[in-house]
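Asker: Structure provided below as structure tokens; questions to follow.
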Amino acid sequence: MKRKDFIQLSAMGLGALVLPNLPAFGTPVDPSRFLNDGIDVKLKKQLADVALNTARSKGATYADVRIGRYLNQFVVTREARVQNIANAESFGVGIRVIANGCWGFAATNTVTKEAIAKAAERAVAVAKANSRVTTTPVQLAPQKGYGEVSWKTPIVQSAFTIPVKDKVDLLLNVNSIAMKGGANFVNSAILAINEQKYFASTDGSYIDQDIHRLFPTFTVTKIDRASGKFETRKSLSSPVGMGYEYLTPTADNKVGGIVTRYKDRYDMLEDVKNATADVDQKLKAKSVEPGKYDLVLDPSHLWLTIHESVAHPTELDRVLGYEANYAGTSFLTLDKWKSRNFQFGSKLVNVVADKLQPGSLGAVGYDDEGVQCGQWDLIKDGVLVNYQAIRDQAHIIGLDHSQGCCYAQSWADVQFQRMPNVSLQPGKEKLSVDDMIKNVEKGIYIIGDGSFSIDQQRYNFQFGGQTFYEIKDGKIAGMLKDVAYQANTQEFWNSCTAIADKSDYRLGGAFNDGKGQPGQSNAVSHGSSTTRFNGVNVINTARKI
Amino acid sequence: MPILTKEAAQALLKKVLAYSKADECEVSIYSGDSGNVRYARNEVSTSGANSKSMLVVSSAFGKKLGTATINEFDDASLEKVVRRAEELARLAPENPEYMPILGPQQYGEASGGYNKDTAAIDPAFRADAVAKSLTITKQNKLVAAGFLENSVASSAMMNSKGLFAYNSSTEINFSITVRSEDGTGSGYASKAYNDVSKLDVSKDTSIASQKATGSKGAKAIEPGKYTVILEPAAAIVLIEQLIGSMDARSAEEGRSFLSKAGGKTKLGEKLMDDQVTIYSDPWHPDMPTSCYNNDGRPQEKITWIEKGTVKNMYYSRYWAQKDNVKAIPSPDAFIMEGGTASLEDLIKSTEKGILVTRLWYIRPVDPQTLLFTGLTRDGTFYIENGVIKHPVKNFRFNESPVIMLNNVEALGRPERAVSGESNQSAILPPMKLRDFTFTSLSDAI
């Protein structure tokens, strides 16, 4: 989608929510079409073999093929009105090869044996053309073929089986609660995604996967007409690797405290009521006094700080320089990893990479180059111990296997290294959020994610949030506004002094983690329990124009 | 499918419309071809080629709208997509903001965005360009990461009230980041053109290489308010946010930097320095853009900011009708006027200041003041008494383009630049601005 469209949507108060325009994401279809299974797996195997055999016969030493059917549905509303119901399907084939030691890629949305053979031929031609300017041949980590296998996101109910009317009714109900609560505007949306991916490679794998994701969200806006000031509060939901069951909460899924937060399931109607009350408070809140504060960060906020400051710098493609022209490189250079004593964070900080966690956006059985997924440590007792790698990088960090981090946003895009779920492990000692706050003299408790920005090597970051509560002498002393904190990644994680126990552990995440040229989106989750960081620099963001 | 000519597009769309049984029907065709090559660590990394075409049919019964698309063009497929759009329209809820389709429009001449040499670029051309670039970086013991992408496309629309619009365009887009082998210096250059003959990969690589070498050994200076010279590639990422926020509806609803107390807007008010004039012009010879927007409205030359005063906002057709004003569409690109000074002249006239090559990771902090945060990157230098004294460590800034354009000291000669954030082009000058707000230092190189 055009940046311009995104900016306009942002201006409407949808915040970071990215709503793709239709044609870019697929062909509009009748929603009943979502209920058919697509083409038979036997036929997919035949088509895949055409790609692999053609590539080999043209001189490829390796080839993989992805036959993808991507379904998505967006139901978008504002106030009492449905703005858009988009049902889209995208179907096609992407073929990646190595020829003359160089990668080549081509894709087609004509899913016939002839068109696939032609695309395979084109991919080999691209590889051969590029090999003229390549001196180091691609070196792939060995990968055994799995034969014919399959994997499916463990969902209770596919969002695509729920009638559109039910989704519209839910959202209009959400909007009605906000408007009755005095909101001037409310935007809400449900986004459902299903990736049906068939992968085959010359290693002998034929992998059929069915992946589901869901994201319900809203933004409530209130305007103080007298002053012309406005404030918003976004939902505390999270995009998830789940079916529609995410929207059927029970009391067990609710985390009490200053505002209800949600674990594994989400109560949209309750949250919008709370959000509407929060916006009132935000309009009246005290503007923050800049200075050093101890920060107590809720998982609904901390996921984004983990994403930017831990997950991105441990991406091996950045470390090696493959993203230097766009997303950037990383301060976590190989020498720091090799030293085995680079203190990324305090001893409390343990960060795990994971492609299996149930309910997470990154959970799949196999990655997009046919590697079975797993879990590994990135930061152990505060020390950098590992990265995120794919097959052509594994040898660089002495691994004899890929870590399964390869992903492409669609059949039409070439797969490359993308982050798995990266999560901060809960504290090992029993510690509640209330007990954590009791020990804070001068602090800010932050809930929900807001503005975010970090440099191209991931040293210096700045984060906002949804709601900010002043902590004075161990007690919550009311709401603050105009808050953003700035820190250096290593100093910040070394200032981590307390992590709540596993009873507080929750996932946050994003559908739109961007990287690569041309740009691609990745969906990923980050878990944590509420965590405290001491003496962080807070700025006041209020300005006058 | 090859890129459609005006005549071929017209014939195809006429045929599609003939199948329509809806109250209103609008059909659009897009056909495009693009190729790219990416390199890093002085080697080609990934590359790809993509051809796509799509026919979009929107059918309406009353205020119920359905849209369907297809990429097959035989008669049976064309009829099928029209029927599908009609079925979806019958199922759709009424849209109270639905606007009847437009009748025939006057679009002015084709804007000349198509160049046959750019349209003819092939993988060998791209590989040669990479080879030229790498020759320079390897000779200088530097490390390049770059991206070259070319595209050719045509689009056309026609509707049941007789509207027909057509546009074709080409573009080549090149960007390069050059780093020193030890990672202590980094430089950047980026360019976009419709006409490939203007692209000079070697020159851009040399500029990025000089900045990489020149930025080694950066010194830390205290964050604070500084006079800055933003090169066009740095300024564009903030000014595009300003232009992207000039929607009339948001302003009138009270949730934009153009909103005022009591539901009023700042239209007609002076918010910026006298030197600031920003307009859009589809026929600008250095940056031709489409002469129509995606709902068929003509794109005209429009002044958005004139001598610091907000002259126009853009409207959806629905909102314009409600306000009873002309429905000016949002622009495809913007042009900011400047002066005749070169970047070197701006540096020479600066007693103390910071030269910024690129701004990065731009995110909104406060939509009310249009406050954004982000960082400098790939070549930041300290100027004293008219000369570049030394490279400085990168800064984080928190600044609003509205405030920044109120603090203009001098504007240089405008040139076409491309945003490293959105990939969109604009024409704008290098600009010297006082009191630009840097809030912290970054160790990033």
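Asker: Have a look at the DSSP beta bridges in the protein assembly as shown and tell me what percent are antiparallel, nearest 5.
Answerer: Around 90 percent of the beta bridges assigned by DSSP in the protein assembly as shown are antiparallel ones.
Asker: Now a separate question. Go through A:Ser432, A:Cys406, A:Gln490 and say which Cα lies farthest out towards the positive end of the charge dipole of segment A:287-540; charges sit on Cβ, +1 for Lys and Arg, -1 for Asp and Glu.
Answerer: Ranked along the dipole, the leading option is A:Ser432.
Asker: May I ask you to compute the full-extension gain from B:Glu384 to B:Glu97, defined as 0.36 nm times their residue separation minus their alpha-carbon distance, rounded to one decimal in nm? Kindly include the intermediate steps, with their values, before the conclusion.
Answerer: Working: separation 287, 0.36 × 287 = 103.32 nm, distance 5.69 nm.
Result for the pair: 97.6 nm of gain on full extension.
Asker: For A:Glu441 and A:Ala80, compute 0.36 nm times the residue count separating them, minus their Cα-Cα distance, and round to one decimal in nm.
Answerer: 125.5 nm
Asker: In whole Å, what are the extents of segment B:125-206 along the principal axes defined by its C-alpha atoms, from largest to smallest?
Answerer: That gives 64, 23, 17 Å along the principal axes, largest extent first.
Asker: Hey, what number do you get for chain A at 222 nm if only DSSP H runs of n ≥ 4 count, each worth -39500 (n - 2.57), divided across all residues, to the nearest 500?
Answerer: -6000 deg cm²/dmol
Asker: B:Glu87 to B:Glu109: FRET efficiency via 1/(1 + (r/R0)^6), r the Cβ-Cβ distance, R0 51 Å, to the nearest 0.05?
Answerer: That pair, B:Glu87 with B:Glu109, gives E of 0.85.
Asker: Across peptide B:240-248, what mean number of C-beta atoms from other chains lies inside 10 Å of a residue's C-beta?
Answerer: Mean number of neighbouring Cβ atoms from other chains: 3.
Asker: At 7 Å along the Cα-to-beta-carbon direction for both B:Glu306 and A:Gln375, put a label point, then send me their distance in nm to one decimal.
Answerer: 6.5 nm
Asker: Also, I was wondering about something else. A 27 angstrom limit on the alpha carbon distance is what I want to check against. Which of B:Lys14/B:Lys52; A:Lys167/A:Lys263; B:Lys191/B:Lys266; A:Lys282/A:Lys355; A:Lys152/B:Lys52; B:Lys64/B:Lys266 exceed it?
Answerer: Where the Cα-Cα span goes over 27 Å, the pairs concerned are B:Lys191/B:Lys266; A:Lys282/A:Lys355; A:Lys152/B:Lys52; B:Lys64/B:Lys266.
Asker: B:Lys116: which aspartates and glutamates have alpha carbons under 15 Å from its alpha carbon, excluding same-chain residues fewer than 8 sequence positions away?
Answerer: B:Asp33, B:Glu171, B:Asp195
Asker: Under unit Cβ charges (Lys, Arg +1; Asp, Glu -1), what dipole magnitude, rounded to 20 debye, does chain B have relative to its Cα centre?
Answerer: Charge dipole, chain B, about its Cα centre: 560 debye, nearest 20.
Asker: Distance in nm between label sites at B:Asn324 and A:Asp335, each 7 Å beyond Cα in the beta-carbon direction?
Answerer: Calculated label separation equals 7.2 nm.
Asker: With a/c under 1.5 counting as rounded, go ahead and sort segment B:223-305 into rounded, prolate or oblate using the C-alpha gyration tensor (a ≥ b ≥ c being the square roots of the eigenvalues; past the cut-off, prolate if a/b is larger than b/c, else oblate).
Answerer: Here segment B:223-305 falls in the oblate category.
Asker: Mind putting together the pair-distance distribution for segment A:407-545? All Cα pairs, 5 Å bins, whole percent per bin, short to long.
Answerer: 2, 8, 14, 19, 20, 15, 10, 7, 4, 2, 0, 0
Asker: Heavy-atom accessible surface, probe 1.4 Å, ligands and DNA/RNA ignored: which residues of segment B:257-271 lose at least 40 Å² versus the isolated chain?
Answerer: Buried by the other chains: B:Ala261.
Asker: Determine the calculated [θ] at 222 nm for chain B from helices alone, applying -39500 (n - 2.57) to every DSSP H run no shorter than 4 residues and normalising by the residue count; nearest 500 deg cm²/dmol.
Answerer: Taking each H run of at least 4 residues, the total per residue is -6500 deg cm²/dmol.
Asker: Full extension from A:Ala251 to A:Lys502: what is 0.36 nm times the residue separation minus their Cα-Cα distance, to one decimal in nm?
Answerer: 88.6 nm
Asker: In chain B, with Lys and Arg counted as +1 and Asp and Glu as -1 at Cβ, which of these residues, B:Val392, B:Leu148, B:Pro331, has the Cα nearest the positive end of the dipole, that is, farthest along it?
Answerer: B:Val392
Asker: Once phi is turned into ³J(HN,Hα) by the Karplus curve 6.51 cos²θ - 1.76 cosθ + 1.60 with θ = phi - 60°, what whole-Hz value does each residue of segment A:190-207 show in order, with x for glycine and proline?
Answerer: 10, 10, 10, 10, 9, 9, 9, 10, 10, 10, 9, 9, 5, 7, x, 9, 9, 10
Asker: I've got another one for you. Given a cut-off of under 8 Å on Cα pairs at least six residues apart, what relative contact order in percent is computed for segment B:317-437? Walk me through the numbers on the way to the answer.
Answerer: Values: 226 pairs, mean separation 32.5, N = 121.
Relative contact order for segment B:317-437 comes out at 27 percent.
Asker: Consider just the alpha-carbon atoms of segment A:293-410 and return their Rg together with their Dmax, both in angstrom.
Answerer: Here Rg and the maximum Cα pair distance are 14.6, 46 Å.
Asker: Normalising by the residue count of chain B, find the relative contact order in percent from Cα pairs under 8 Å and 6+ residues apart. Walk me through the intermediate numbers first.
Answerer: Values: 1140 pairs, mean separation 67.3, N = 445.
15 percent.
Asker: Right, next: Mind checking which lysines have their Cα closer than 16 Å to the Cα of B:Lys432? Skip sequence neighbours fewer than 8 apart in that chain.
Answerer: Filter leaves B:Lys225, B:Lys348, B:Lys352.
Asker: With labels modelled as points extended 7 Å from the Cα through the Cβ direction, what inter-label distance (nm, one decimal) is found for A:Glu270 paired with A:Ile476?
Answerer: A separation of 1.5 nm, rounded to one decimal place.
Asker: Would you mind classifying segment B:147-293 by shape? Square roots of the alpha carbon gyration tensor eigenvalues, ordered a ≥ b ≥ c; an a/c under 1.5 is rounded, otherwise it is prolate if a/b is larger than b/c and oblate if not.
Answerer: oblate
Asker: Ignoring ligands and nucleic acids, what accessible area does B:Lys63 show with a 1.4 Å probe (Å², nearest 10)?
Answerer: The value for B:Lys63 is about 80 Å².
Asker: Run the paramagnetic zone check for B:Ser160: 7 angstrom along Cα to Cβ, then residues of segment B:15-39 with backbone nitrogen under 12 Å.
Answerer: Residues passing the 12 Å test: B:17-27.
Asker: Under DSSP H, which helices of chain A have Cα atoms covering 15 Å or more of the helix axis and a Kyte-Doolittle average no less than -1.0?
Answerer: Flagged H segments are A:41-57, A:113-131, A:164-180, A:268-284.
Asker: With point charges of +1 on the Cβ of Lys and Arg and -1 on the Cβ of Asp and Glu, referenced to the Cα centre of segment B:335-445, which listed residue (B:Pro414, B:Pro401, B:Ile445) lies farthest in the positive direction of the dipole?
Answerer: The listed residue farthest towards the positive side: B:Ile445.
Asker: Please return the longest stretch of chain A lacking exposed loop sites, where GluC sites (Glu not before Pro) count only if DSSP places them in a loop and at most 10 other Cβ atoms lie within 10 Å.
Answerer: Formally, the longest exposed-site-free interval is A:1-428.
Asker: With no solvent and one equal point scatterer placed on each C-alpha of chain B, evaluate the Debye formula and give log10 I(q)/I(0) for q = 0.12 Å⁻¹, two decimals.
Answerer: These q points yield log10 I(q)/I(0) values of -1.10.
Asker: Using the alpha carbon gyration tensor of the protein assembly as shown, what are the three equivalent-ellipsoid semi-axes (square root of 5 times each eigenvalue), largest first, in whole Å? Provide the component values of the computation, followed by the final result.
Answerer: Values: eigenvalues 272, 236, 223 Å².
The answer is 37, 34, 33 Å, longest axis first.
Asker: Please give every one of the aspartates and glutamates within straight-line cross-link reach of A:Lys128, meaning a C-alpha to C-alpha distance under 15 Å, and leave out same-chain neighbours fewer than 8 residues apart.
Answerer: Of all the aspartates and glutamates, those that pass the test against A:Lys128 - Cα under 15 Å, at least 8 places apart if same chain - are B:Glu43, B:Asp122, B:Asp128.
Asker: With the cut-off at 1.5 for a/c, could you classify segment B:255-357 from its C-alpha gyration tensor as rounded, prolate or oblate?
Answerer: Working: a/c = 3.03, a/b = 1.51, b/c = 2.00.
Here segment B:255-357 falls in the oblate category.
Asker: Find the percent of Cα-Cα distances in segment A:287-540 that exceed 29 Å, and round it to a whole number.
Answerer: The share of Cα pairs beyond 29 Å in segment A:287-540 comes to 27 percent.
Asker: Heavy-atom accessible area per residue, the protein assembly as shown, 1.4 Å probe: how many Å²? Walk me through the numbers on the way to the answer.
Answerer: Details: 35420 Å² over 990 residues.
The answer is 36 Å² per residue.
Asker: Give the Kirkwood hydrodynamic radius (Å, one decimal) of segment B:6-212, defined as one over the mean of 1/r across all pairs of different Cα atoms.
Answerer: 19.8 Å
Asker: Report in % the part of the accessible area of chain A that belongs to carbon and sulfur, leaving out ligands and nucleic acids; probe 1.4 Å.
Answerer: Reported share for carbon and sulfur atoms: 51 percent.
Asker: At a probe of 1.4 Å, how much accessible area disappears from chains B and A on forming the pair, both sides counted, to the nearest 100 Å²?
Answerer: Values: alone 20140 and 22460 Å², together 35420 Å².
In total, chains B and A hide about 7200 Å² from solvent.
Asker: Taking the Cα centre of segment A:287-540 as origin, sum charge times position over the Cβ atoms of Lys and Arg (+1) and Asp and Glu (-1), and report the length of that vector in debye to the nearest 20.
Answerer: In total the dipole reaches around 420 debye.
Asker: Follow-up question, since we're still on this one. If you take the beta carbon distance between B:Glu79 and A:Ser227 as r and set R0 to 45 Å, what does 1/(1 + (r/R0)^6) give as a FRET efficiency, to the nearest 0.05?
Answerer: Values: r = 57 Å, r/R0 = 1.28.
Computed FRET efficiency for B:Glu79 and A:Ser227 comes out at 0.20.
Asker: Right, another one. Using only Cα positions of chain A, each an equal point scatterer, no hydration layer, compute I(q)/I(0) via Debye at q = 0.08 Å⁻¹ and quote the log10 values to two decimals.
Answerer: Scattering profile of chain A, log10 relative to I(0): -0.53.
Asker: Got a number for carbon plus sulfur as a percent of chain B's accessible area, 1.4 Å probe?
Answerer: On chain B, the fraction of accessible area on carbon and sulfur atoms equals 48 percent.
Asker: Here's a follow-up. What percent do you get for the relative contact order of chain A when only Cα pairs under 8 Å and 6+ apart count?
Answerer: Answer for chain A is 14 percent.
The values are calculated or read from the model by the stated rules, or taken from the named source; none is laboratory data. Bear in mind that the values here come from a model prediction, so they are computed numbers and not experimental data. Ideal geometry is used to build each Cβ from the backbone, glycine not excepted, and the neighbour counts take in all protein chains shown. Side chains included, ligands, DNA and RNA excluded: accessible areas come from the protein's heavy atoms. Shrake-Rupley method; radii C 1.70, N 1.55, O 1.52, S 1.80 Å.
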